[in-house]
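Shown next, in C-alpha cells, is the structure this report addresses.
No value in this document is a laboratory result; all are computed from the given coordinates. If you're wondering where the values come from, they're calculated on a predicted model, not measured in any experiment. Cβ: placed from backbone, ideal geometry, glycine included. Neighbour counts: every protein chain shown.
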Amino acid sequence: MRSETFALPMMYGDHHVLEVRQLLNSLPGIENVYASSGFQIVEVTYDESQVDKETIQSTLADAGYLEELSIPIEIGSSPAHENGKPFFRHTAVFTQTGQSISFTQDVPEVQRPLWPCPGIKQ
C-alpha cells in the first residue's frame with residue numbers, strides 16, 4: 001500500500017468532498033480516501049499493483065479539481081485609460097468633492113455558473 005496527498009484548489013465545499021471520494025473509490029485498488037474541503041487536499045491510500053499515481057492524478061484533473069480557481073483582479077488603471085483591458089467597476093468623479101466613487105460591478109455573462117463548480121455537471 002502506498003499513500004499520496006494531492007492539493008485540490010477547486011475542492012472548496014462539502015459536496016466536492018463527496019464527489020472526489022466517489023470518483024476515487026470507483027478506481028480499482030483504492031483502499032482509503034480522506035478528503036478535506038477546508039484544507040483543499042485529498043489523501044489516498046492505494047494498491048500500486050492495481051492503480052498508479054498518474055491515474056489518480058488524471059482522474060482528479062479530468063474532473064477539474066486540480067485547476068486553480070481564477071478570480072478576476074482589478075487592474076487599478078483609470079477608467080479613461082484605453083489599454084484594452086477589462087474594468088470591473090464603473091466609477092464616477094464628482095467635481096464638487098474631487099473624489100472617485102465606485103458604484104457598480106460589470107460581470108460578463110459567460111453561459112456558465114459564475115463560480116465554477118467541478119462537482120456539478122455543466
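Remarks
- Environment charge of residue 60, counting only residues whose C-beta is closer than 13 Å and scoring Lys/Arg +1, Asp/Glu -1: -4
- Chain lengthening between residue 48 and residue 5 when straightened (0.36 nm per residue, less Cα-Cα): 14.0 nm
- Alpha-carbon Rg/Rh ratio, for the range 2-62, with Rh computed the Kirkwood way: 0.93
- Checking every one of the chymotrypsin sites (Phe, Trp or Tyr not before Pro) in the range 12-65 against DSSP loop status and a limit of 14 other Cβ atoms within 10 Å picks out 39.
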